[in-house]
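To keep things clear, I will list the structure first and then write my remarks on it.
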Amino acid sequence: MSFSLLPYTPPDFAALGLANAPDALWQPSPKDGVVPQGYHATTIFPEYYHVNGQWVLAEESRMDCVAVLDGGKVAVKEFRNIKKGELVCIGRTEDGSEGIYVYPNGFNEQSAMAETFAFRQGRSRETAFSKDYDSIYELLRHEKEHGNILWVMGPACAFDHDAREAFSKLVQNGFVHGLQAGNALATHDLEGAWLKTALGQDIYTQKSQFNGHYNHIDTINRVRLAGSIPAFIREENLHDGIICSCVEKGVPFVLTGSIRDDGPLPEVYADCYAGQNAMRDLVRKATTVITMATTLHSIAIGNMTPSFRVMPDGTIRQVYFYCVDVAEFAVNKLADRGSLSARGIVTNVQDFVVNVCKGVCD
């Protein structure tokens, strides 16, 4: 089965009666990190602003930010990054009446006709995901050549021999263009490569090793001695697992810290806002995002991922978003973002990675 992206149909402002809409109102920021009262908060959807009589698309959007006018173009910036005097969009309507038009239906996705009463309409452990897997296989094959695939991973992805091997194969075969995780994922994966354990348990047999509770902090200490993850991998001559494969193939990864981290590893961002900026740099390139076994990172990435991407040639395409977790709460929390393409898959993430690898690499 061949894969094709849904075409984007831009809004017909004349048909909407908005050809002569008023220009959007812009007011200067009163100080750094502060926006004017009545600001417009952005969404994940394409947003158009009437500027000097023309409708202008904000090309790099994210939710819960503000629109800033800069030389006739509209940028979307986090509140904390606003500078005094920058022109911030004012208005609380989204129908064009104040020069702001939010457009959620550009890809013409139509939900299946829903009955008033019907069973199995949600995404739960009882949902059949066979079609989702087939769709993911087609999507990843397309994105390997034409897009950018960002994976967001929790530490559970590193606890299993087969899952680590499968993800490594995905990296080696070009299905991973970026990786975002925390200190734990990288630590336990590198522990697996170096000591063949994760949190002191053998990554294949799951048997706890004597003094195994030292293994993850021994790993962190050894990496810090080397000065960096690539130096550690080189000095210990390691070749297997998630992080080793990313380093070998030059796949960029962003590791962000938390208050409970051990160590952490040298590459982990200790400043949460510097980490968020680095995460957004990965998101800006992504056309498909797959988050696995990490509610915190999934929601964080979800909050900064728009439903669309403006490509270098000027075309607008959909961003696909999958959240994979064994907990229904995690996947439904992501779906509640209201994304055009966010879909939840309730399953064991180790099995998911292995199945995806078999579906696209074998």
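Please specify each residue of region 185-234 satisfying the condition of being polar (S, T, N, Q) and out of contact with any strand residue (DSSP E or B) (no Cβ under 6 Å at 6 or more places or on another chain).
Selection gives 187, 197, 205, 206, 211, 219, 221, 228.
So which residues in region 13-66 are among the acidic types (Asp, Glu) and in contact with a Pro (Cβ under 8 Å, 6 or more places away or on another chain)?
60
Checking the condition modelled with pLDDT under 95, over 20 Å from residue 304 (Cα atoms), of a type in the set (D, E, K, R) and out of contact with any Lys or Arg (no Cβ under 8 Å at 6 or more places or on another chain), which residue from 12, 70, 23 passes?
Matching residue, one of 12, 70, 23: 70.
Would you please name the residue that is farthest from residue 47 (Cα to Cα), looking only at residues in region 1-32 that are open to solvent by 50 Å² or more (accessible area, probe 1.4 Å) and among the aliphatic types (A, V, I, L, M)?
Checking each candidate, the answer is 1.
The values are calculated or read from the model by the stated rules, or taken from the named source; none is laboratory data. Note that the structure is predicted; figures quoted are calculated from it, not measured. Cβ: placed from backbone, ideal geometry, glycine included. Neighbour counts: every protein chain shown. Ligands, DNA and RNA are excluded from the accessible area calculation, which covers all protein heavy atoms including side chains. Shrake-Rupley method; radii C 1.70, N 1.55, O 1.52, S 1.80 Å.
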